[in-house]
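Inspection log for the structure reproduced underneath, given as structure tokens.
The values are calculated or read from the model by the stated rules, or taken from the named source; none is laboratory data. All figures in this text were calculated on a predicted structure; none of them were measured in a lab. All Cβ positions, even for glycine, are placed from backbone atoms using ideal geometry, and neighbour counts span all protein chains on display. The area values use the complete protein model at the heavy-atom level, side chains included, leaving out ligands, DNA and RNA. Shrake-Rupley method; radii C 1.70, N 1.55, O 1.52, S 1.80 Å.
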Amino acid sequence: MMRRFAVIGVAFMMAVGAAAQTASAPGKPVEKVTVIQCGSLIDGKTRDVRRGVQVVVRGNKIESVESLDNSHPSKTSQGGAPEAIDLSKATCLPGLIDTHTHIVLQGDIIVDYDEQLLKQSAPYRAIRAVAASEMCLEHGFTSIRDLETEGAGYIDVDVKKAINNGLIPGPRMQVMTRALDVTGAYALLGYNWEYDFPHGVQVCDSPDGCRKAVREQISHGADWIKVYADQRTFPGPNNTIDSRPTFTVDELKAIVDEAHRERRRVAAHASGLTGVHTAVEAGVDSIEHGNYIADADLKTMAAKGTWYVPTPWLSEYRMQEFPEQTAAMKRSDAIYEDTFKRARAAGVKIAYGTDAGAFEWTITPAMQLPTMVRYGMTPMQAIQSATSVAAELFGWQDSVGAIEPGKFADIVAVAGDPIADIGVLKKMSFVMKDGVVVKR
Ligand SMILES: [Zn+2]
């Protein structure tokens, strides 16, 4: 026994000695320096487009951002010869941010949602999510908030872990895991009652039952809690969209209280009048979709700082996929556009979110930027909703969403001028995440 302690003791002393040696080695490890010349630069925060800018990246952070006339190249050459990247014919921007994605969905939500849950194993869906993560990054989206796995358990937590550990390429992620809905409200539904079928959510009922579900999801790695506050929208009176609520206000309040106690926030899928109203009253932190929101609820959202994450491009996509639904969708789109405009007028914070995954990951989530410009944002406001404003929703405003010293080096570039044509952001020519070039 004593001898074993002695052996362990010697091993420990040797380990400490080795650590001390490493620590006392002269000089710090040399961090890679990259100097990027940008023809134009949109920093994600200010309204100006700067011409001829040099961005110096040291390691995974932005070290300096200077106009080419007053930059000092010698300053950047400490620690070895810097790598030069010439983007002098391009516009640089911060890595884009999508605050509403589904990395575990692959564009088949309507066509074969049931098949995904019934015929695809969780490992297979994880493999598809890995492929989607890489596509997401190549579209220039370097951060995403992923809004539940649709029946695939905690795969999002694992994908995020694999990205953060450098095993696979992908965006920075905040994840919601399984989402919550009440009994009888969420697919799969309508199958033989003699059997148990899987659901695209974790089912919970009653305030106590839902508190337990929140605790469970947080224990497995949920950064946010997602709830479905309504289901099935239908036209309401006077050009409104109404919906069937799911949770009671008491249940939602319990979910919000439990999540907030554990320092997590709550995102509510809410499409129509009743669902949005219930969610806003319960104090959720973000309203997802919000196809119709009453003025009174917009006022409450502005006062409480509740985020609005509209996803209007999805209906344009569905009109292409399902032309027979075009007439009905055009009617509801007009209501969506009006809600978007009233939300802006009411001073509600709008973050960029697309529901990517509900459409194929081969399609860039940048598709919605032109829609938001058509709905009245300037191109710069649309870009900011997908950079600095979205970063604020994440609570990551100190680390991403802008090109400025101290931020992570998440930098993208496009040919052309996004202010003249927001559509150029659909084609990324350069992507850097965390100081590493992903696409060039
Ligand atoms: Zn969604």
| query | Full extension from A122 to R215: what is 0.36 nm times the residue separation minus their Cα-Cα distance, to one decimal in nm? | reply | 31.2 nm
| request: Take every Cα-Cα pair in region 325-427 and report what % of them are more than 24 Å apart. | output: 30 percent
| remark: Those cysteines in the chain that have no second cysteine Cβ within a distance under 4.7 Å are C136
| query | Is region 378-417 best put as rounded, prolate or oblate by its Cα gyration tensor, with a ≥ b ≥ c the root eigenvalues, rounded for a/c under 1.5, and otherwise prolate when a/b is larger than b/c, oblate when not? | reply | oblate
| Among the helices of the chain (complete DSSP H runs), which have Cα atoms covering no less than 20 Å along the helix axis and a Kyte-Doolittle mean of at least 0.0? | 2-24, 122-138
| field | E404 accessible area, assembled protein chains, probe 1.4 Å, Å² | value | 50 Å²
| query | Summing Lys, Arg as +1 and Asp, Glu as -1, what charge do residues with Cβ under 10 Å from the Cβ of G353 carry, G353 excluded? | reply | -2
| Considering lysine pairs in region 203-332 that are 8 or more places apart or on different chains, how many have Cα atoms under 27 Å apart? | 9
| request: Just the number, please: carbon plus sulfur as a percent of the accessible area of region 400-440, 1.4 Å probe, no ligands or DNA/RNA counted. | output: 55 percent
| Per residue of the chain, what 222 nm ellipticity follows from adding -39500 (n - 2.57) for every DSSP H run with n ≥ 4, rounded to the nearest 500? | -10500 deg cm²/dmol
| message | Can you sort E31, E194 by solvent-accessible area, 1.4 Å probe, largest first? | response | E194, E31
| task | With only Lys, Arg, Asp and Glu charged, each at its Cβ (+1 for the first two, -1 for the last two), find how big the charge dipole of the chain is about the Cα centre; round to the nearest 20 debye. | result | 1460 debye
| query | Per residue, how much accessible area does the chain show when a 1.4 Å probe rolls over the protein heavy atoms, in square angstrom? | reply | 45 Å²
